[in-house]
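Chemist: Quick one: structure below, then a few questions.
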Amino acid sequence: MPAPSASPTKPPTGTTASATPATPATPTPKGAPGAPGGLRGGFGPVALVVAAGVSVQFGAALAVMIMPRAGAAGVVTLRLAAAALVLLAVCRPKLRGYTRADWGTVVAFGVAMAGMNGLFYQAIDRIPLGPAVTLEVLGPLALSVIASRRLVNLLWAGLALGGVVLLSGHGGGGLGFGSLDPLGAAFAVGAGAMWAAYIVFSARTGRRFPQADGLALAMAVAAVISLPLGVAEAGSALLVPSTLALGLGVAVLSSVLPYTLELLALRRLPAPTFAILMSLEPAIAATAGFLVLHQAMSALDALAIALVIAASMGAVRAQRP
């Protein structure tokens with residue numbers, strides 16, 4: 001699920017990050033969005049978020065295909081463990097020079113990541129991908145309303161929520177979620193709450209750790225948390241070569257690439273805008289379900305997608321300079 005990053009310059013020791021990401025006061029490192037030689041203008045961070053969404057939802061579709069082999073918890077373990085190994089090998093994060101608050105932030109980020117992934121995969125093991133992501137995105141939408149400092153963002157959040165309500169009919173047997181498995185729907189809502197926590201702690205981690213060090217360390221924390229559950233459910237099935245290969249593919253598509261792109265985007269986007277952009281996820285999930293899992297989309301789904309995209313565009317245009 002959602003589903004790879006450089007992060008802002010680490011603030012002075014003892015600095016406390018707020019819940020709403022802000023552009024660092026220190027000079028932006030070379031290669032960062034908005035820096036010389038980096039991504040310029042407002043379109044760059046938005047493109048990063050959209051690309052992350054495409055990657056994570058197609059990764060989720062692939063995960064659904066391999067769940068019969070390893071189960072939901074097993075797929076989560078494969079995804080997080082493989083992603084952690086890749087990121088640790090590439091980033092080689094330093095372990096010294098950080099405060100207790102820095103480590104607390106990265107651990108909280110890892111816990112949020114493990115919870116978000118674990119709950120989401122339990123959801124899509126019970127209900128279709130489209131409704132699962134639709135319910136999950138309510139978490140970021142709630143964050144956008146709570147964190148917003150401009151009344152116009154409430155309008156865009158409401159429009160996005162209207163699209164989410166319409167999209168709830170995708171794979172769910174009509175408007176509403178009455179035909180969905182109640183436990184699966186509850187898992188999806190829980191994943192949305194953890195997604196909101198992920199947005200907050202990913203931004204804080206990005207400000208405290210250089211490059212992708214914080215992401216790699218948080219991914220390792222998430223992998224350690226998920227490992228006992230995955231082993232208990234899948235056992236030796238996790239070691240089958242073909243399953244390992246598919247799990248690596250899920251890890252790259254759903255963790256390494258999207259989390260990195262999202263951390264890059266969070267260096268230049270405030271939390272409310274980022275959260276409303278996350279409302280694109282149900283539309284992307286419906287597309288992935290159609291192309292990979294052969295789940296048809298109705299005219300109602302298309303209308304919902306249009307509303308969500310309109311809300312996301314409005315949120316970006318309303319962003320403060």
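The values are calculated or read from the model by the stated rules, or taken from the named source; none is laboratory data. Since the model is a prediction, treat every value here as computed from it, not as a measurement. All Cβ positions, glycine included, derive from the backbone under ideal geometry; neighbour counts span all protein chains shown.
Chemist: Return a yes/no flag: does the range 39-47 have any residue that is within 30 Å of A245 (Cβ to Cβ), modelled with pLDDT under 90 and not charged (D, E, K, R). Let's see the steps before the verdict.
Modeler: The first filter runs over the range 39-47 and keeps only residues within 30 Å of A245 (Cβ to Cβ), leaving 47.
With the extra rule that they be modelled with pLDDT under 90, the set shrinks to 47.
Add one more test, that the residue is not charged (D, E, K, R), and what stays is 47.
Yes, some residue in the range 39-47 is within 30 Å of A245 (Cβ to Cβ), modelled with pLDDT under 90 and not charged (D, E, K, R).
Chemist: Can you list residue pairs whose Cβ atoms sit under 9 Å apart, with the first residue in the range 140-158 being exposed (fewer than 14 other Cβ atoms within 10 Å of the Cβ) and the second being at pLDDT 75 or above and not in a helix (DSSP H, G or I)? Count only pairs 6 or more apart in sequence or on different chains.
Modeler: Within 9 Å, the pairs are R149/P270.
Chemist: Counting only residues that are modelled with pLDDT of 70 or more and not in a loop (DSSP other than H, G, I, E, B), how many does the range 283-301 have? Quick ask: steps written out before the conclusion?
Modeler: Restricting attention to the range 283-301, the residues satisfying the condition of being modelled with pLDDT of 70 or more are 283-294, 299-300.
After this cut, where a residue has to be not in a loop (DSSP other than H, G, I, E, B) as well, the list is 283-292, 299-300.
Number satisfying all stated conditions: 12.
Chemist: Out of (1) of a type outside the set (S, T, N, Q); (2) at pLDDT below 85; (3) not in a loop (DSSP other than H, G, I, E, B), what's the single condition that is false for A61?
Modeler: Condition (2) is where A61 drops out.
Chemist: I'm told R96 meets every condition in (1) at pLDDT below 85; (2) outside any helix (DSSP H, G or I); (3) surrounded by fewer than 20 Cβ atoms within 10 Å (Cβ to Cβ); (4) not β-branched (V, I, T) except one. Can you identify the failing condition by its number?
Modeler: R96 satisfies all of (1) at pLDDT below 85; (2) outside any helix (DSSP H, G or I); (3) surrounded by fewer than 20 Cβ atoms within 10 Å (Cβ to Cβ); (4) not β-branched (V, I, T) except (1).
Chemist: Here is a further query. Where in the range 219-282 are there helices (runs of 4 or more DSSP H), lying fully within it, with 1 or more residues that are crowded, with 19+ Cβ neighbours inside 10 Å and charged (D, E, K, R)?
Modeler: Details: elements: 241-251, 257-266, 271-277.
Fully inside the range 219-282 and qualifying: 257-266.
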